Structures are given as structure tokens and as C-alpha cells.
Amino acid sequence: MKKLFTLIAIALMGVANLQAQTVTINKNDGSSVTFETKDIKDIKFVPAASSNEEVYTGKGTIKIGGMFGPYESKGSSYTIVKNANGTINVTVAEEKYEGLPVMGNTVIGTYTVKNIAYDEATKTYSRELAKDGIKVHVKGNTMDKDLDFIKPSKITIKFVGTNSISVNSVYKFTGMPMDIKAEFNGQKK
């Protein structure tokens with residue numbers, strides 16, 4: 001009986017070796033990678049936003065056309081994601097301002113600026129907003145629509161120490177005659 005079980009075990013191991021298992025990973029770009037299971041030591045899945053995402057909260061202010069303001073948005077929030085290529089992405093959360101000229105109480109919606117490059121000369125990250133086709137929803141007494149950033153819209157981000165950022169933006173929207181100067185100073189949450 002032992003010989004029979006031994007022969008069956010040997011036969012099964014031989015069949016298993018003939019049919020080596022493989023793992024195929026299909027990627028979003030259409031390519032695929034195949035590995036034999038004997039070559040894989042272990043598989044680890046890392047959470048999508050593991051430690052490269054930082055949220056900063058603070059006070060945002062804007063001045064319109066250099067003459068009106070400053071108007072304040074308390075509890076503003078900026079989320080910074082550090083990319084593998086050395087650039088950063090910033091998501092500006094919705095901001096609410098009261099009593100703006102013509103617009104009245106105004107909400108500037110959430111928007112994201114991607115791949116903001118570091119400038120060694122100024123020690124800041126900066127990017128021209130108009131070239132990216134970014135839209136932002138603006139709602140006020142006289143408007144409720146998506147607007148494009150147009151030239152000379154630009155964002156500049158400076159890390160201050162290890163727990164703070166300073167953001168300065170100058171932007172202009174389609175159909176608006178004056179530019180908006182925005183400032184944000186925030187602490188890491």
C-alpha cells in the first residue's frame with residue numbers, strides 16, 4: 001500500500017512540474033507581464049496614496065484687480081501629492097468668499113494642477129495654469145459656470161520648513177476683466 005501511495009505522489013509531482021503555473025499581469029497601457037510562480041517570493045500591495053499625500057489647512061485670501069480686497073476664505077485646504085519624477089500635484093479645495101464686487105458671495109470650486117516643476121533658482125514649485133486646460137466652477141450672484149484659466153495665470157508653491165506651505169497665485173478666468181491675486185498659508189494637518 002505504501003508503494004502505491006508513493007507512486008501516486010511521484011506521478012502527481014511529475015504532472016505538477018510539467019504544468020508550471022504562471023501569473024500574468026495585464027497593465028493599463030495594454031502590455032502584459034508573465035511570471036512563473038516558482039520565481040515569485042512574495043507579493044505586496046501598497047495603498048494608493050501611501051505617505052506621498054500631504055494636506056495643508058489655513059487661510060486663503062484674494063485681491064481682485066489689485067484694488068478690491070483682500071477677501072478671506074477661512075478653513076482653506078490644499079492637498080499636495082509628490083510624484084516620482086520630482087514634480088508635485090496640488091488640489092485646491094472649494095473656497096468661499098463673501099461680498100466680492102459684482103459677484104457677491106462667491107464659491108470657487110475644487111481644481112487640481114498636475115506636474116508642477118521645482119525651480120532651483122527660486123526654491124519654489126511653479127506652473128502656468130492656462131496651458132493645462134484646467135477648468136474651475138465659479139458660483140456667485142451673477143455667475144454659475146465652469147471657467148478656464150487664461151494667461152497670465154500661474155501658481156507658485158513654497159515649502160516653509162517641514163510643516164508649512166505658502167502658495168501665491170495670479171489667475172484670470174475667461175470673460176473676467178481683472179486678474180485675481182490669491183495667497184494661502186497653511187499648516188500640515
Sole miss for G66 among (1) modelled with pLDDT of 80 or more; (2) of a type outside the set (K, R); (3) assigned to a strand (DSSP E or B); (4) touching a Lys or Arg at 6+ places or on another chain (Cβ under 9 Å) is condition (3)
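Considering the range 100-128 alone, what residues qualify as being part of a loop (DSSP other than H, G, I, E, B) and modelled with pLDDT of 90 or more?
Within the range 100-128, G109, T110, E120, A121, T122, K123 meet the criteria.
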Within the range 18-59, restricting to residues that are part of a strand (DSSP E or B) and within 30 Å of N163 (Cα to Cα), the one that is modelled with the lowest pLDDT is E53
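Matching residues to (1) over 25 Å from G140 (Cα atoms); (2) surrounded by 15 or more Cβ atoms within 10 Å (Cβ to Cβ); (3) among the aliphatic types (A, V, I, L, M); (4) assigned by TED's automatic domain parsing to the domain that holds K59:
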position: S77; (1), (2), (3), (4): no, yes, no, yes
position: V81; (1), (2), (3), (4): yes, yes, yes, yes
position: I88; (1), (2), (3), (4): yes, yes, yes, yes
position: E98; (1), (2), (3), (4): no, no, no, yes
position: I108; (1), (2), (3), (4): no, yes, yes, yes
position: V113; (1), (2), (3), (4): no, yes, yes, yes
Checked against (1) of a type in the set (A, V, I, L, M, F, W, C); (2) under 22 Å from N52 (Cα atoms); (3) at pLDDT below 95, I165 satisfies every condition except (3)
Only one of (1) within 17 Å of E183 (Cα to Cα); (2) within 13 Å of the chain's Cα centre (by Cα) does not apply to V107, and that is (2)
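The values are calculated or read from the model by the stated rules, or taken from the named source; none is laboratory data. The structure presented is a predicted model; accordingly, all values stated were derived computationally and were not measured. All Cβ positions, glycine included, derive from the backbone under ideal geometry; neighbour counts span all protein chains shown.
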